[in-house]
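Below you'll find the structure, written out as structure tokens, and then a few comments.
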Amino acid sequence: MNQQRPKTILIVDDDEDIVNAMTMILEAGGYSVRSACCGEECLDEVYKAPPDLILMDVMMERVTEGLGVGYRIRSNPQSASIPIILMSTLEESSLSLSRDQKGFASIADDYLTKPIAPSILLERVSRLLEISPDGRVG
């Protein structure tokens with residue numbers, strides 16, 4: 001029997017309560033979850049064992065830390081294809097992160113406004129993980 005390993009999600013957020021809540025939701029959805037509390041810890045985790053998807057807060061120690069870390073992940077061929085969902089308590093428009101802007105599109109595959117409903121979180125994660133880096137579904 002060929003049993004696939006669960007997909008690994010890396011949650012990057014400096015709010016421990018959010019990390020714990022998202023971890024419970026994602027683990028209940030069948031995912032393996034790791035976490036990082038800041039950008040540098042995220043990069044260590046990504047290069048140590050690349051996750052299948054990254055959920056990253058935009059504002060951590062610095063106001064745009066998530067954007068900078070996302071750019072570094074996208075700039076490295078080793079991690080460039082990992083799907084990234086950026087998250088913030090601010091509406092996407094408040095951050096000038098329109099999906100039509102080149103900057104946003106070069107960093108994130110999706111954007112979620114916190115608080116995130118569990119069903120929305122699972123749907124967005126599932127949708128991004130169904131598409132492999134070469135564009136195939138499955």
| Test: residue 6 is of a type outside the set (Phe, Trp, Tyr), touching a strand residue (DSSP E or B) at 6+ places or on another chain (Cβ under 6 Å) and either at pLDDT below 95 or part of a loop (DSSP other than H, G, I, E, B) (or both) | yes
| In the range 6-18, residue farthest from the chain's Cα centre (by Cα) [restricted to those that are farther than 17 Å from residue 127 by Cβ and crowded, with 19+ Cβ neighbours inside 10 Å] | 18
| Search result, residues across the range 45-66 that are farther than 23 Å from residue 123 by Cα, touching a helix residue (DSSP H, G or I) at 6+ places or on another chain (Cβ under 7 Å) and of a type in the set (D, E, K, R) | 65
| request: Could you please find all residues in the range 59-82 being among the aliphatic types (A, V, I, L, M) and within 16 Å of the chain's Cα centre (by Cα)? | output: 59, 60, 67, 69, 73, 80, 82
| field | Lone unmet requirement of (1) over 20 Å from residue 112 (Cβ atoms); (2) surrounded by 22 or more Cβ atoms within 10 Å (Cβ to Cβ) for residue 84 | value | (1)
| request: Residue by residue through the range 45-66, note down the ones that are assigned to a loop (DSSP other than H, G, I, E, B) and modelled with pLDDT of 95 or more. | output: 49, 50, 51, 52
| request: Specify the residue that is modelled with the lowest pLDDT; the eligible residues are those in the range 96-125 that are surrounded by 13 or more Cβ atoms within 10 Å (Cβ to Cβ) and among the β-branched types (Val, Ile, Thr). | output: 107
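One line per residue, one yes/no per condition, for (1) modelled with pLDDT of 85 or more; (2) touching a helix residue (DSSP H, G or I) at 6+ places or on another chain (Cβ under 9 Å); (3) part of a helix (DSSP H, G or I); (4) closer than 19 Å to residue 5 by Cβ:
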{"site": "33", "(1), (2), (3), (4)": "yes, yes, no, yes"}
{"site": "43", "(1), (2), (3), (4)": "yes, yes, yes, no"}
{"site": "70", "(1), (2), (3), (4)": "yes, yes, yes, no"}
{"site": "77", "(1), (2), (3), (4)": "yes, no, no, no"}
{"site": "82", "(1), (2), (3), (4)": "yes, yes, no, yes"}
{"site": "127", "(1), (2), (3), (4)": "yes, no, yes, no"}
| query | Within the set of pairs 6 or more residues apart or between chains, which connect a residue that is closer than 18 Å to residue 64 by Cβ inside the range 24-49 to a residue that is among the acidic types (Asp, Glu) and modelled with pLDDT under 95 with Cβ atoms less than 7 Å apart? | reply | 37/14; 38/14; 38/61; 39/65
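The values are calculated or read from the model by the stated rules, or taken from the named source; none is laboratory data. Remember, predicted model here, so these are calculated numbers, not experimental data. Heads up, the Cβs are rebuilt from the backbone with ideal geometry, glycines too, and the neighbour counts pull from every protein chain shown.
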